[in-house]
1. Using a 10 angstrom cutoff on alpha carbons, build the Gaussian network for the chain and name the most mobile of Ala105, Ala239, Ala289.
2. For the chain, modelled as a GNM with alpha-carbon contacts under 10 angstrom, which of Ile211, Ile365, Ile165 fluctuates the most?
3. For the residue pair Asp78 and Asp217, what label-to-label distance in nm results when each label sits 7 Å from Cα along the Cα-to-beta-carbon direction?
4. Label segment 148-262 by shape, choosing from rounded, prolate and oblate, from the square roots a ≥ b ≥ c of the eigenvalues of the Cα gyration tensor; if a/c is under 1.5 it is rounded, and otherwise prolate applies when a/b is larger than b/c, oblate when it is not.
5. For segment 1-95, count all C-alpha to C-alpha pairs, find those more than 16 Å apart, and express that count as a whole percent of the total.
6. Rounded to the nearest 10 degrees, what's the angle between the helix 185-208 long axis and the longest principal axis of the chain, both from Cα atoms, 0 to 90?
7. Please compute the alpha carbon radius of gyration of segment 287-400, then divide it by the globular-protein estimate 2.2 N^0.38 Å. Two decimals is fine.
8. Counting other Cβ atoms within 10 Å of each Cβ, which trypsin sites (Lys or Arg not before Pro) in segment 1-108 have at most 15 and sit in a DSSP loop?
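Rule-based calculations on the coordinates, nothing more; no lab input. As the structure is a prediction and not an experimental result, all values here were calculated from the model. Don't worry about glycine lacking a Cβ; one is built from the backbone with ideal geometry, like all the others, and counts go over all protein chains shown.
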Amino acid sequence: MTVGNPTKHILKFAFPLLLTNLGQQLYMIVDASIVGRGVGVKALAAVGATDWCYWLIFWTVMGLTQGFATFVSRYFGDKNYKSMNKVIAMSTVLCAVIGGVLTVAGILAAKPLLNLLNTPDDIISGATTYLITMIAGTVIVTAYNMAASILRAFGDGKSPLVAMIIAAVLNIGLDCLFVFVFKWGIFGAAIASVSAQLVAFLFCLVCIRRIDCLALDRDIWKVDWNMIASLMKFGIPMAFQYIVIAVGGILLQSSVNLQGSIFIAGYTATNKVYGLLECSATSIGLACATFLAQNYGAGKFDRFKIGVKNATEIVIAMAVAVLTLVMFVKRFLLQSFLDVNEAGGLEALDIAVHYLTIMTGFLIILYLIHVFRKALQAMEISLWSMLSGIAECVCRVFMAKVVINWMGNDALFVSEPVAWLGALLCVMLPYLHYRKKLLLTS
């Protein structure tokens, strides 16, 4: 990616990533839809009540693996294959240890945390079952995210796409089997998701083994504490930004839970669609991470700056397109999660529509965050990304615990856009500062 048209590189790499993320989000949506329509509104609320608790673990894994993969991209761009292979080996060791620790800690904390968050009595049993089952698959999720990140670091966005397509089809099939045939309910939906992730990881692992410059000989696995320290020094701040975001979300969830299971169900339906809306931005962000890291590592700062500019233009156009589309299909889309003929179904749908309408109006802010976070990440500046996560946390907590006292439930609906704005300011302004230094070195 160090030669050729930057926009074409970003779009070409982002397209399979977009399809991959869409596949991942769609099968998560199918999970929620099958639970909501096949089990009931309260079952959907139970799944939704666990979202931020699970994301605390999932985003920690995602932040670490993306941080580790940045080193792979930079060494690959610099053609330093020995260091690149060492990074991959040490990253694998770290992921195995971290995944195990998170699994044990998460399972032990699941039920107490849900109680602490005021989870309603009529859904706490289902929420506990779903959360513990999902957490039990943390090592698998960690392995998949690391494998997919490594492939993307090499510029291969197609293999993770194929892996996700296979996993999505398998997940839908297992969902239907476990929920409708075996009658396993919420537990069945969770088992289906974990099983699909395992298949996705195995496929990515096969693809990694085919990479020519990959040479993970016995010597390369010897523990390099300096390398591990470097990886953790960069990866921890990246993970921390997601951790504090999730903590803010957990505190927000505690306020949502006080509104009752019907409100939670409507809120959950929109949050599932939210993942779908963010796909475009996530894909461009991941493409930027690889493109920018390779060019920064190769010392091609002009291409680096052009890449950020072009990516900014792309995500603004995407945000406008997504906003326009959602305005036409929002009610139909949300009805896929909720049976309006069930008691409380219509009320939950109205809540979901109101929330989605507000959220989509501020998508441009969300999309820009992904570009500027990845730009700073490629420059090995992780502090501001961490601070942006803290800003998100503070904004969510402020809206959910303070503003709600005079604004009512609407504070919960606008908490996301306010959090996005705080996060954007913490990455965009620092990037503009560091960009001036790049101008001097170009």
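1. Ala105
2. It is Ile211.
3. In this crude label model, Asp78 to Asp217 measures out at 2.2 nm.
4. Numbers: a/c = 2.77, a/b = 1.31, b/c = 2.12.
Oblate, because a/c is 1.5 or more while a/b does not exceed b/c.
5. Numbers: 3230 of 4465 pairs.
For segment 1-95, the fraction of Cα-Cα distances above 16 Å is 72 percent.
6. Helix 185-208 and the main axis of the chain meet at about 10 degrees.
7. Details: Rg = 18.9 Å, N = 114, 2.2 N^0.38 = 13.3 Å.
Here the answer is 1.42, to two decimals.
8. Details: sites: Lys8, Lys12, Arg37, Lys42, Arg74, Lys79, Lys82, Lys86; in loops: Lys79.
Answer by residue number: Lys79.
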